[in-house]
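Written below as structure tokens is the structure these notes are about.
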Amino acid sequence: MNIPISADMASIVKEGVFFGFLIVTVVGALLATCAKRMVRAVFGLVVCFIGVAGIYYFLGSPFISLMQLMIYVGAVAITIAFAIMLAEPDEDKIEAKTPPLAGPFAVVLGVAVTWALAAASLGAKWMNPAPVEKEGTITQVGEALLTNYSMVFELVSIVLLIAILGSLVVARSGRDKSC
Amino acid sequence: MDLNLVHMVLFLVGIIAFAAGNAAYLVWVERKGAARIQRRTGPCEVGPAGLIQPLADGAKLMSKQIVFPDGIDKPLFMLAPMFAMIPAVMIFVTIPFGPVGFGPFADFMIVAREMNIGLLMILAFASVNVMALLLGGWSSKNKYAVISAIRGVSQGIAFEIPLVITAITIVMISGSMQLSTIVEAQAGGFWNWNWMPLQGNLFGPVSFIVFFICFLAETNRAPFDLGEAESELIAGFHTEYSSMGFGLFFMGEYANIVIGASLTTILFLGGWTSPFPEFVPVLGASSFLWFLLKIYLLIWTVVLIRWTYPRVTLWSLLNLAWKILIPFALINLLGSAVLIKILPMLGL
């Protein structure tokens, strides 16, 4: 059952999948910014998140890739879509007014940012990263969170707690007791 | 990079065939079960005991025209069924079915690609499933579909929390997220399984019940099928879908049931290990046949529950999740953590 596959072919498949994820990310981002319907924009965001998750996988961290999928696609995007559905049931006629100079300004800014990023990436010396040990990624993340970064970890949990309490306060005032 | 193309292609085809075959024949099981409970015969015309009925249904679905109603959001309308099916197929990639258990390939594990964070992978892809419901309901431009999507999302988000917390409890007990490690920790007989309150795992039954209820709710099964309550919402989020659009939603639903049953089996019911390996040596100590037997028994339980319990209201559904299951799951998690730390200190 073993068909030997040359290293070339394997790397072609690998690079193809990698560029596939890159394209998915960019297309999703474009969809998210260019779509006129809000729900389509959220869908673009989802596609973009999936692409980013794939890139994380290629960076050698399946754990972060799956957390990206679970948190951003499974929770954040769905919450955003939910909020849009509740707030804007019919958004066909919304035309945003833009100031007259916004278009040219955006073009100039876009060219500048692209030039800066391209100059930075082309001018930099790219070195091959040290090989990352693939096993035990969760262990490393867990140990880092509970030793070196335990303060950050605790602060984040306090921020989340405050967010939960705040949403409870906001939700409580507008609710009658009938149900 | 060791890329065994034949292995991958075989498993890909096998997974899709398994998902589709299960969807087809679980519908038959469902209809026969419903008929049995309601004192009818169920499908009986096509083939012996209606066994060819699923094939006829499949052919009918595939040959029908896809109708696009006016005013829908067409790209999203077409993408939503794919979002229902693709995550399910992705999940099957990482579910281990166990070793063959007999014959020349007794040690061959039937799994496409086992990951050391397999449980996380299943939970991550399962959370994408709500997106299909949301997109399908929204893009249909149908009031019933939108109401159904809103219900489905609030239900899905609510029950995902206790589901994940309970899964974390099991991860703590087994010390691994790899599904085969979790199963091997339960080997040796049914008293070692995670749902039994023996072996120091006093909260096992609570975990099991919380997990099973969440599994029913996450797969939108009765008594929690608020998303497609026929008497209120026609067919819910897939009201406007015809032909294979509807077919993919349906396959996705049954694939999710199989996934839920597999996950429950792996986490709580000892996966592919035999319940009594020493006394009754049937099928070997560990075999994928045990796994299939367990998941189909669970699925049959799910079918029985669907046809015997009435549907709950949306409020009692959400109250069940937020007021009962989440506190229970949290207490369960804390209790299990304390037990894991304290029992070794007492020398148990």
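Bear in mind that the values in this text are calculations on the coordinates, not laboratory data. Keep in mind it's a predicted model, so treat the numbers as computed, not measured. Quick reminder, even Gly has a Cβ in these numbers, built from the backbone with ideal geometry, and neighbours come from all protein chains shown.
Highest mobility in the GNM of chain B, judged by mean-square fluctuation with C-alpha springs under 10 Å and restricted to B:Gly118, B:Gly50, B:Gly204, is found for B:Gly50. Can you tell me which of B:Phe97, B:Phe125, B:Phe208 moves the most in a GNM of chain B? Springs connect C-alpha atoms under 10 Å apart. Sorting by GNM fluctuation, first place goes to B:Phe125.
Nearest 500 deg cm²/dmol is fine: what mean residue ellipticity at 222 nm does chain B get from its DSSP H runs of n ≥ 4 alone, each adding -39,500 (n - 2.57), divided by its residue count? Please report the intermediate quantities before stating the final value.
Working: 12 runs with 217 residues, N = 348.
Estimated from H runs of four or more residues: -21000 deg cm²/dmol.
Relative contact order of chain B, taken over Cα pairs closer than 8 Å and 6 or more residues apart, is 23 percent.
So which trypsin sites (Lys or Arg not before Pro) in the stretch B:78-164 are both in a DSSP loop and have at most 12 other Cβ atoms within 10 Å of their Cβ?
On the way: sites: B:Arg113, B:Lys141, B:Lys143, B:Arg151; in loops: B:Arg113, B:Lys141.
Here the sparse-neighbourhood loop sites are B:Arg113.
Dipole of the protein assembly as shown computed with +1 at Lys/Arg Cβ and -1 at Asp/Glu Cβ about the Cα centre; of B:Val29, A:Cys34, B:Trp191, farthest Cα towards the positive end is B:Val29.
In this calculation the C-beta distance from A:Ala119 to A:Leu59 is compared with R0 = 41 Å, giving a FRET efficiency of 0.95. Annotation: amide H of B:Lys141 within the under-5 Å range of B:Asp73, sequence separation 5 or more or interchain, hydrogens built in the peptide plane. Residue separation of B:Ala56 and B:Ser231 scaled by 0.36 nm, minus their Cα-Cα distance, works out to 60.3 nm of gained length. Our coupling estimate for the stretch A:23-37, obtained by passing each phi through the Karplus curve with A = 6.51, B = -1.76, C = 1.60 and θ = phi - 60°, is 4, 4, 4, 5, 4, x, 5, 4, 4, 5, 8, 9, 5, 8, 8 Hz, Gly and Pro reported as x. Placing a label point 7 Å from the Cα of B:Leu10 along the Cα-to-Cβ direction, the residues of the stretch B:284-305 whose backbone N falls under 19 Å from that point are B:287-289.
Can you figure out the FRET efficiency of B:Phe102 with B:Lys141, using R₀ = 51 Å and their beta-carbon distance, to the nearest 0.05?
On the way: r = 55 Å, r/R0 = 1.07.
The pair B:Phe102/B:Lys141 has a calculated efficiency of 0.40.
Annotation: amide H of B:Thr273 has no partner in the under-5 Å range at sequence separation 5 or more or interchain, hydrogens built in the peptide plane. Derived from the Cα gyration tensor, the three semi-axes of the equivalent ellipsoid of the protein assembly as shown are 37, 32, 27 Å, largest first. The GNM of chain B, with springs linking C-alpha atoms under 10 angstrom apart, assigns the highest mean-square fluctuation among B:Phe11, B:Phe108, B:Phe246 to B:Phe108. As a proxy for reagent exposure, A:Cys34, B:Cys44 were ordered by neighbouring Cβ count within 10 angstrom, fewest first; the result is A:Cys34, B:Cys44.
Distance between the 7 Å Cα→Cβ label points at A:Asp8 and A:Ala83: 5.2 nm.
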